1. Pairs only if they're at least six apart or on different chains, beta carbon under 7 angstrom, first in segment 88-99 and under 18 Å from ALA37 (Cα atoms), second assigned to a helix (DSSP H, G or I) and polar (S, T, N, Q); list them, first residue then second.
2. Go through (1) farther than 22 Å from GLU145 by Cα; (2) modelled with pLDDT under 90; (3) among the polar types (S, T, N, Q) one by one and return the number of the condition GLN97 breaks.
3. Can you find a residue that is of a type outside the set (Val, Ile, Thr), part of a helix (DSSP H, G or I) and at pLDDT 85 or above anywhere in segment 153-171?
4. Which numbered condition trips up GLU237, out of (1) surrounded by fewer than 21 Cβ atoms within 10 Å (Cβ to Cβ); (2) assigned to a helix (DSSP H, G or I); (3) in contact (Cβ under 8 Å) with a residue 60 or more places away in the chain; (4) not small (Gly, Ala, Ser)?
5. Given the structure, is THR198 touching a helix residue (DSSP H, G or I) at 6+ places or on another chain (Cβ under 7 Å) and either at pLDDT 95 or above or of a type in the set (S, T, N, Q) (or both)?
6. Return yes or no: is GLU213 farther than 17 Å from LEU155 by Cα and exposed (fewer than 13 other Cβ atoms within 10 Å of the Cβ)?
7. Give ASP125, ASP112 a once-over and let me know the one that is out of contact with any His (no Cβ under 9 Å at 6 or more places or on another chain), assigned to a helix (DSSP H, G or I) and modelled with pLDDT under 85.
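The values are calculated or read from the model by the stated rules, or taken from the named source; none is laboratory data. Predicted, not measured: the structure shown is a model, and the values here were computed from it. Note that we place each Cβ from the backbone using ideal geometry, even for glycine, and neighbour counts take in every protein chain shown.
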Amino acid sequence: MTDSTYEIKLDVFEGPLDLLLYLIRKNEVDIYDIPIALITRQYMEYIDAMKSLNLDLAGEYLVLAATLTHIKSRMLLPPSEEEEEEEEDPRQELVRQLLEYEAFKEAALGLDRMKILGRDVFSRDHIFDDSGEEGETLREIGIFELVEAFRRVTLGADQHDIMEIDVEKISLSERINDIVDELEKRGELTFSDLLGETGSRKRLIYTFLAILELMKLRIIRAYQAVPYGVIRIRLAEE
């Protein structure tokens, strides 16, 4: 269980349609032929993961979850003979919303870049000019990639390796300051670097929440060369 004394508002990051688009890209599926059962299951897994971290989900996330569940149930029902020719694909309206949202977002990002180059922390086509250790081109990533990476870390960790220390005193602001101090000294840290030194579950969660808060404040940026690859954390450039 997480500590109920902290809460991070997720609605300042990305919205539910961003999550849906992310899952469609991640699974490399056709937006016009969404495998609704798979996408709904993965969407709910992300919702559960974010709730477990006391991330304050905007109501729109839960509305979209209900919409996906409704579409899934409609697709499981065989159409009647009268409806078979007339009934539209239950995914059609959702696809229309996704295409409109994607076009609007791309246009908005284009205008934003004209005003302040690179301002949007979560731009999917922002490519960092530098390279990784093996000449990799680093692409900026957002909250959903970090949530997925955090889930893999916690699911793959041996429970004996995460010690519960109830008497440990730690605060979110403390972890934020620690991360900034380390980045100022070293220039770059990997996501594993930041999480690997934690000894308790409480410290692990606070470290992750500190990373999200710093991204929200545009103090740090996260980069990755390939999906599921090493995530590199750097201070944002002015």
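1. The qualifying pairs are LEU94/THR67.
2. (2)
3. No - not one qualifying residue is present in segment 153-171.
4. (2)
5. For THR198, the condition - touching a helix residue (DSSP H, G or I) at 6+ places or on another chain (Cβ under 7 Å) and either at pLDDT 95 or above or of a type in the set (S, T, N, Q) (or both) - is met.
6. no
7. Just one listed residue meets the conditions, ASP112.
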